[in-house]
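Please read the structure below before turning to the comments.
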Amino acid sequence: MTVTTVLRAARVLDVPAGTMLTGVEVKVRDDMIVEVGPDLTGDLVVDLGDRTLLPGFFDVHLHLTGVRAHAEEIRAPETDILAVRAARDCETLLAAGFTTVRDCGGVTALHLRTLIAEGTIRGPRIFAAGPVLCQTGGHADQHHLPPAEARRSRESLIVDGPWACRAAVREAVRMGADFIKICTTGGVSSERDHPKDAHYTAEEVEAIVDEAHRLGRKVASHAQGRNGVLTAVRAGVDSIEHGYFLDEECVTEMATRGTVYVPTFDLKTFFERTVTTDHGLPEWRVIKQREAMTAMRESLLLAHRTGIQIATGSDYYGVPLRAHGNNADEPIAMVRDGLPPIEALRALTVNSARLLDLDDLTGTIAAGKWADLVAVDGDPLTDIEALRRVAFVMQAGIPIREPARAA
Ligand SMILES: [Zn+2]
């Protein structure tokens, strides 16, 4: 017998309309929302009280690495230990309301995806890139290692030239990639390049995009400086990751092509904290962080004014100040710096769902969608911090977390 559950909460957010509904309930049968409206009946009623019901959250740029300390980035413990920690992070993410995530580089996520699908562990639905493609000396090359050793890493494919790039796309797909992650600029955390260095030629990126799209995979590009952003956007990548230094030309091109912007905006908070307090980061990195953090707010607001679709990605990977479970820091940081709350909430839900081609199935609260639902204490339209106060989580109709009952 199929049981229907009616969820009752003080407020239900209509994400597309941008309005808060009161006096409506949400009926769930199996894994689906079957009805949204007043006075619904069901076999079971869950009264969530003075809370707001939201669609399940997305984090479309994170890394499930199991790394716990900044020094481990260079000298990590055994992969078994990392994998178990990353599995724990999956449970933590789900309990924090993140029902779907996209891992933007790392092989562990490919396996976590399998473990979640077979029911061994609980966690968000995972879309995984697997290994990251970059040019020799690029952002995903490990500059502290001898070149031959860096090339043995399973976490990246260091390839140059259009045909090698095509072969790398095929290799990533062979490993199980749901999408392809590339780097078209240097980065803040890679020693021997700079965020403003443009990486890969147009010819190389066009080859990657053509190959990936032919295989039904989207392409996400780590791109921070304007030149590398433009190479990526013009070659047809589907999302720009970071985009710290956007200008008018970048946003115009992105708007024309419908490129999604994943600003990983809360990194600004991390940068601010680690340039003022010593967290053991090397000096070269602190200098690059300082440059990026002053540009990030302007880029976010410019993208918003231009009407570019923004999605939330924390770029968290498990270390202090970037721990999984705190991923709502991302929409909260966006609002703190001037993005309207409804836009941050759209980024957290429907926009991210669209990036993953899941918008027919989730990202909003409507009949016919998966029952991915989160209830938070308070009203996030007036107090975005409410996103940290998660009291209830349901993923595809399965209750994950329920509020403590009043005595
Ligand atoms: Zn990242």
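Here, each number is a calculation from the coordinates, and none is a lab measurement. Small disclaimer: the values here were computed from a predicted structure and weren't measured. Because the Cβ atoms are built from the backbone with ideal geometry, glycine has one as well, and the counts that use them run over all protein chains shown.
Below is a table of values for the structure above.
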read-out: Ranked Lys268, Lys27, Lys181, criterion: other C-beta atoms within 10 Å, fewest first; value: Lys27, Lys268, Lys181
read-out: Choice from Gly397, Gly56, Gly130 showing the highest fluctuation, given a GNM over the chain with Cα pairs closer than 10 Å; value: Gly397
read-out: Net lengthening on full extension, Ala148/Val286 (0.36 nm per residue, minus Cα-Cα); value: 46.9 nm
read-out: FRET E, pair Glu191, Ala404, Förster distance 51 Å, beta-carbon r, rounded to 0.05; value: 0.60
read-out: Within the chain, percent of DSSP bridges classed antiparallel, to nearest 5; value: 50 percent
read-out: Disulfide-incompatible cysteines by the Cβ rule (no partner under 4.7 Å) in the chain; value: Cys90, Cys104, Cys165, Cys250
read-out: Gaussian network model of the chain, springs between alpha carbon atoms under 10 Å - residue of Glu155, Glu25, Glu73 with greatest fluctuation; value: Glu73
read-out: Segment Glu118-Ala323, extension gain: residue separation times 0.36 nm, minus the distance between their alpha carbons; value: 71.2 nm
read-out: Length-normalised contact order of the chain in % [C-alpha pairs under 8 Å, at least 6 apart]; value: 19 percent
read-out: At 0.692 mPa s and 37 °C, Stokes diffusion of segment 170-281 via Kirkwood alpha-carbon radius, µm² per second; value: 224 µm²/s
read-out: Ala367 versus Val84: modelled label distance in nm, points set 7 Å from Cα along the beta carbon direction; value: 4.9 nm
read-out: Residues Glu272 and Leu44, FRET efficiency given R0 of 45 Å [Cβ-Cβ distance, rounded to 0.05]; value: 0.45
read-out: Spatial separation of Cα centroids for segment 4-45 and segment 214-244, in angstrom; value: 38 Å
read-out: FRET E, pair Arg257, Leu301, Förster distance 22 Å, beta-carbon r, rounded to 0.05; value: 0.60
read-out: Charge-dipole axis of segment 57-327 as Lys and Arg at +1 and Asp and Glu at -1 on Cβ define it, positive-most pick from Val205, Gln135, Ile180; value: Ile180
read-out: Phi-based couplings in Hz for segment 268-276 (Karplus 6.51, -1.76, 1.60; Gly and Pro marked x); value: 4, 4, 4, 4, 4, 5, 8, 8, 9
read-out: Under the Karplus curve 6.51 cos²θ - 1.76 cosθ + 1.60, θ = phi - 60°, whole-Hz ³J(HN,Hα) for segment 216-228, x wherever Gly or Pro sits; value: x, 10, 7, 10, 10, 10, 5, 8, 10, x, 4, 5, x
read-out: Kirkwood Rh in Å, taken over the chain so that all alpha-carbon pairs contribute; value: 21.4 Å
read-out: Label-point separation in nm, Ala167 to Asp14, each point 7 Å along Cα→Cβ; value: 5.6 nm
read-out: Residues Thr259, Thr2, Thr92, Thr41 arranged by fewest to most Cβ contacts within 10 Å; value: Thr2, Thr41, Thr92, Thr259
read-out: Estimated Rh, segment 223-292: Kirkwood, alpha-carbon pairs, angstrom; value: 13.0 Å
read-out: Ranking of Thr52, Thr120, Thr274 by count of other Cβ atoms within 10 Å, fewest first; value: Thr120, Thr274, Thr52
